[in-house]
Structure formats: C-alpha cells, structure tokens
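Everything below concerns the one structure shown next.
Every number here is computed from the coordinates shown, using simple stated rules; none is lab data. It should be emphasised that the depicted structure is a prediction, and the values quoted were computed from it without experimental measurement. With ideal geometry, Cβ positions are generated from the backbone for all residues, glycine too; neighbour counts draw on all protein chains shown.
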Amino acid sequence: NLDVLFLRGDPVPESRERRWTKDVGIYFGKLSVRNGVLVVNDPDGLSGALNESYLDLFPEAVRPVNIITRKRSEVKKFAREREKFLLRPLRWSPDNEEFLVTGDDLPNLNQIVESLTRDGYVIAQEFLEDKANPSGYTMVLLLEGSPLLYKGKAAALKVIPGQGRGSLETPHLEPATLSKKELRCIEQAKPKLMKDGMFFAGLKIVNAKIMEIDVFCPSYLSQIEELLGSNFARPVIEALEKKA
C-alpha cells in the first residue's frame with residue numbers, strides 16, 4: 001500500500017533522454033489520487049506549470065516584465081525598450097540555452113530568436129540585477145507556500161554564478177537572510193501556490209521579484225543543509241505525515 005507519492009524528477013537526464021517524464025509522472029499522479037494516495041505536488045496543479053508561462057499567473061508585483069512570442073519583431077521591440085534581457089524557450093529545461101541579450105547582441109538577434117523558436121515559443125524576460133550580487137540571485141525553498149524553516153532558520157541561499165558568459169563553473173553558494181521585501185514577495189505568491197497544491201517549491205528571486213518558480217524539482221536542499229548545518233528534510237517529512 002502507498003500512502004504518499006512525492007513527484008520529483010532529475011531535470012538534467014530527463015531534459016535530454018526522457019523528455020516524457022513530467023507528463024507521464026503527472027498522469028500516474030492523477031491515477032494515484034483516484035486511488036486515495038496523497039500526491040505532492042498536486043498533479044492537477046503541475047499540469048498548469050509545465051512551461052515558463054506559469055509565472056504569468058502570479059501577481060504582477062512579484063514578477064518581471066516579459067513577453068511570450070514567436071515573432072522576431074516583438075522580441076526586437078522588447079529589446080529596444082531595455083538595455084538587457086533574458087531570452088529562453090517557453091518550455092525551458094537545463095539542456096536548453098538561456099541567452100542574456102545586450103546591445104552588443106542585437107545584430108545577431110534574428111539568428112538567436114530563429115534558433116530558439118524552432119521548437120515553439122520563446123519568453124523574453126526583463127533582466128533584474130542585485131547590486132550586491134550581480135548576475136546572482138536568492139534561492140528559497142517553500143513548504144506549503146511559506147519559507148521552509150528549521151529551528152528558526154530559513155532554507156535560503158545566495159547563488160553567485162561563475163564569471164564569464166556561459167560559464168560552466170560551479171556557482172558559489174552562501175547562506176541568505178531573507179529581506180522584508182523578499183518575505184513580502186513570497187507572501188504575495190503564497191495564495192496561488194496553495195490554490196495549485198504546491199506543497200514544495202523553489203523560488204529564484206532577484207530584487208524581491210520571482211524570476212523562476214520550480215515546482216517539479218526544487219534544488220539546493222542538500223547544499224542548504226550543509227551550509228546552515230540544519231536538517232531541513234525533517235519538517236518536510238513531518239508535514240507529509242500530517243497531511244497523510
């Protein structure tokens with residue numbers, strides 16, 4: 001007998017060799033729900049979060065400006081309105097490339113858009129930068145819509161990418177203390193996450209705005225535990241036991 005099914009994958013191999021896993025996982029999750037099994041995250045909620053447009057369903061105050069399109073003219077218009085922006089496939093995965101487009105890239109913008117739209121739509125997203133952590137971001141793990149806590153510590157860290165464009169260096173990680181603005185951003189996102197049954201989620205935050213939401217495989221749990229010396233898995237298991 002199965003009491004709880006935690007839908008969680010490994011994004012790197014799945015994006016390359018097993019692209020079907022998210023859809024099949026959701027399908028089996030729905031079958032399990034019908035048989036009385038507690039499934040997290042809720043498979044119906046996950047069905048609506050299969051691509052980057054999921055972020056557009058959250059309040060405008062907590063997300064960057066973006067457009068979703070296949071038209072080069074619309075991407076060019078978006079580019080003219082800002083110094084730099086992010087461009088990636090709408091259904092993004094770790095195997096796809098994300099471009100940070102600057103003024104120097106505009107002569108090659110047609111080729112970039114053409115390569116990304118071969119498989120569908122792209123999302124062009126406002127680039128936000130934390131002056132204290134240029135090109136970096138805060139990663140926070142959420143449990144039932146609120147920061148995951150253990151003995152008063154929040155499961156959050158600063159991610160500082162390797163230097164250089166397209167750098168493959170391992171990011172530098174530091175413990176993070178969530179600011180009042182970041183906590184307010186999380187609180188504004190909570191109602192939507194709870195409505196969709198997102199028991200466990202990860203937010204990538206820059207300047208108190210959500211750049212990405214990961215509800216399929218929130219990362220950095222083990223690194224956060226190591227950095228903070230805390231067992232954040234414990235409250236997750238305890239919450240599952242209460243729900244089951």
Sites residue 28 and residue 170 - FRET efficiency at Förster radius 30 Å, r taken between beta-carbons, to 0.05: 0.35
Candidate lysines for bridging to residue 22, where Cα separation is under 20 Å - those fewer than 8 sequence places away on the same chain excluded: 30
Per-residue ³J(HN,Hα) for the range 129-144, Karplus 6.51 cos²θ - 1.76 cosθ + 1.60, θ = phi - 60°, Hz, x for Gly and Pro: 9, 8, 4, 7, 8, x, 6, x, 7, 9, 10, 10, 9, 10, 10, 6
Approximate spin-label separation residue 51-residue 74, in nm, with each point projected 7 Å along Cα-to-Cβ: 1.1
Beta bridges per DSSP with both ends in the chain, % antiparallel, nearest 5: 90
Whole-Å distance, taken between Cα centres, linking the range 184-215 and the range 82-123: 24
Interchain or long-range residues, amide H under 5 Å from residue 212's placed H: 204
Residue-averaged [θ]222 nm for the chain, counting only DSSP H segments that reach four residues, each worth -39500 (n - 2.57): -9000 deg cm²/dmol
Greater than 22 Å apart at Cα, pairs in 158/209; 158/242; 195/242; 158/195; 153/190: 158/242; 158/195
Karplus-derived HN-Hα couplings along the range 72-89 (A = 6.51, B = -1.76, C = 1.60, θ = phi - 60°), whole Hz, x at Gly and Pro: 5, 4, 6, 5, 5, 4, 4, 5, 5, 8, 7, 6, 8, 7, 9, 9, 8, x
